[in-house]
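The values are calculated or read from the model by the stated rules, or taken from the named source; none is laboratory data. Note that the structure is predicted; figures quoted are calculated from it, not measured. Here the Cβ is made from the backbone with ideal geometry for all residues, glycine too, and neighbour counts use every protein chain on show. Side chains included, ligands, DNA and RNA excluded: accessible areas come from the protein's heavy atoms. Shrake-Rupley method; radii C 1.70, N 1.55, O 1.52, S 1.80 Å.
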Amino acid sequence: MSRLVVVSNRVAYLEKKNQSGGLAVALGDALRDTGGLWFGWDGTVVEEDEPRPAKTCQQGKVTIATIPLTKQDYEEYYVGFANQVLWPVCHYRLDLVKFETAYFDGYRRVNARLADALAPLLQPDDIIWVHDYHLISLASELRSRGVTQRIGFFLHIPFPPPGVLLAVPVHQWLVKSLFAYDVIGFQTNIDVLNFQRVVAENIGGKVLSDGRVMAYGRTVLARPFPIGIDVDSFVAMSHTSAAEEAIERLNRRHLARSHIVGVDRLDYTKGLPERMKAFRRLLELYPDKQKTVTLMQIAPPTREDVAAYTDIRQELEQLSGSINGEYGDFDWTPVRYMHRNVSRERLAALFRGSEVGLVTPLRDGMNLVAKEYIAAQDENDPGVLVLSRFAGAAEDLEEALIVNPYDIDDIAHALEQALTMPLDERRSRHRALFRRVRERDAANWRNSFLAALAPHDQGAFA
Ligand code: ADQ
């Protein structure tokens, strides 16, 4: 029986409950069930630059193996190439790309180092599942160290169309690196089509009718595997007595007001300034909403070493301050804006206690918050999801109110529609959405990816 080896940039410690970040949440859920090895960076930055073996520890059925990064690695690989080249490019933000040769060298160096530390831990029957844009070249590094096991890659963020990807000077190298995997998983059909276009139009490869792609002498499977959430545990969390109490407190504190909730990492891709402007527009266009509705936005800061992230923090503080100054009253604060991580139980309660879930990224691989909001609702009196058409989740969740996140008026009208939607319509939309969220849950995502990756004579994992 095969052992599952998961590799991601950051390894999340499974006992930590209130982490933000979709990857940590989704992988924590997946590994807790199957067990196996989870390998990656431990999140620390050290001064010295000497090769060191991975440190391991056991958490339940999962062995965690980690290495630190040096300061130079952190700056060039993580802050540089991963977060100032790949992240903005994959989110179609060429204006924010800062390509430097040193960043690219750092990226290759760290992937090689990770391969050096991982290769000795591998067993012949392992199945290796690599996650996300930090580790595109890990498989080719492992292959050059003699690793022949099946290796799959899942991209959690969007894959851009050729016109955007080609702006990265090393785009050919990136695509070639992907061909060292056996299975390449994307979130949506659009991402797969973008990848197929690059293969067919830019690198002289071929797309086969069964979804496989051929180039560089290899044939690999490239398919969508839309990520989901652990529905049952989220439903259970939103129904605990602590959740009921939190909802009651929320309602008591805010009298008979409706709540709109947004929960995102503080990232320029999440459309946060546009969202606040849309809320202001709602109050402007529909004055009857003044004093009756509150926007609660939770946005813990991330990647504060990248300038674009500090800029957005300032912008949001100014916006929420100015909306509260303009519209607030002694007994009403229109925008409540918080920068911290919140426990998952509390989040579930907040989602359940809010009449509208507002999820308006400018571009997002999937967006798990949209799915969590649906899972947390009371089916007899559910809230309404307002969702960006540019979130991967919109491919599936078509009964949400789908908006253009760049169009402030469109969002404001959708908010009004959500706040006044009759109960029957809310219930029927929620029923359809909940069915979809359940069908495509975390277990389905993991099982279908691993079934595609497993050697053909095996299906199970030890
Ligand atoms: P993210 O960009 O991090 O993930 P998302 O999918 O919404 O975005 O996941 C965020 C997760 O963190 C959710 O589970 C949410 O509940 C949690 N979270 C957010 N803010 C929090 C807070 N203040 N306190 C506690 N928890 C918080 C990336 C991609 C997404 C893709 C996921 C998974 O950008 O598009 O859906 O990976 O593949």
Output the number of the condition that residue 184 fails; it satisfies all remaining conditions of (1) within 16 Å of the ligand (Cβ to nearest atom); (2) over 25 Å from residue 366 (Cβ atoms).
(2)
Filter the helices (runs of 4 or more DSSP H) completely within the stretch 112-208 down to those with at least 2 residues that are within 29 Å of residue 11 (Cβ to Cβ).
138-144, 171-178, 189-202
What are the residues in the stretch 379-429 that are surrounded by fewer than 22 Cβ atoms within 10 Å (Cβ to Cβ) and among the hydroxyl-bearing types (Ser, Thr, Tyr), if any?
406, 420, 428
Can you tell me how many residues in the stretch 340-355 are more than 8 Å from the ligand (Cβ to nearest atom) and either modelled with pLDDT of 90 or more or of a type outside the set (D, E, K, R) (or both)?
8
Residue count for the stretch 137-160, restricted to those that are away from the ligand (no atom under 15 Å from the Cβ) and not acidic (Asp, Glu)
14
Considering residues that are basic (Lys, Arg) and out of contact with any Pro (no Cβ under 9 Å at 6 or more places or on another chain), the number found within the stretch 181-202 is 0
Can you tell me which residue in the stretch 328-344 is surrounded by the fewest Cβ atoms within 10 Å (Cβ to Cβ), limited to those that are hydrophobic (A, V, I, L, M, F, W, C) and closer than 14 Å to residue 257 by Cα?
332
When both residues are 6+ apart or on different chains and their Cβ atoms are under 7 Å apart, which pairs have a first residue that lies in the stretch 292-308 and is in contact (Cβ under 8 Å) with a residue 60 or more places away in the chain and within 15 Å of the ligand (Cβ to nearest atom), and a second that is of a type in the set (Phe, Trp, Tyr) and open to solvent by 10 Å² or more (accessible area, probe 1.4 Å)?
308/268
Would a scan of the stretch 202-223 turn up a residue that is within 16 Å of the ligand (Cβ to nearest atom) and either under 24 Å from the mean Cα position of the chain (by Cα) or touching a residue at least 60 places away in the same chain (Cβ under 8 Å) (or both)?
yes
Being within 19 Å of residue 415 (Cα to Cα), in contact with a Phe, Trp or Tyr (Cβ under 7 Å, 6 or more places away or on another chain) and among the charged types (D, E, K, R) narrows it down to one of 270, 291, so name that one.
291
Give me the residue from the stretch 356-378 that is more than 8 Å from the ligand (Cβ to nearest atom) and over 19 Å from residue 258 (Cβ atoms) and, out of that set, most open to solvent (accessible area, probe 1.4 Å).
363
Filtering the stretch 265-279 for residues that are within 14 Å of the ligand (Cβ to nearest atom), closer than 16 Å to residue 387 by Cβ and open to solvent by 10 Å² or more (accessible area, probe 1.4 Å) leaves a count of 1
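Conditions tested, residue by residue: (1) within 21 Å of residue 36 (Cα to Cα); (2) surrounded by fewer than 22 Cβ atoms within 10 Å (Cβ to Cβ); (3) at pLDDT below 95.
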| site | (1), (2), (3) |
| --- | --- |
| 105 | no, yes, no |
| 117 | yes, yes, no |
| 131 | yes, no, no |
| 173 | no, yes, no |
| 192 | no, yes, no |
| 198 | no, no, no |
Is there any pair linking a residue in the stretch 327-344 that is within 16 Å of residue 277 (Cα to Cα) to one that is within 12 Å of the ligand (Cβ to nearest atom) and open to solvent by less than 70 Å² (accessible area, probe 1.4 Å), with Cβ under 7 Å and at least six apart or on different chains, and which?
335/297; 336/296; 337/297
Taking only pairs six or more apart or across chains, which ones have beta-carbon atoms under 7 Å, a first residue in the stretch 152-167 that is closer than 20 Å to residue 180 by Cα, and a second residue that is away from the ligand (no atom under 15 Å from the Cβ) and assigned to a loop (DSSP other than H, G, I, E, B)?
152/181; 152/182; 153/181
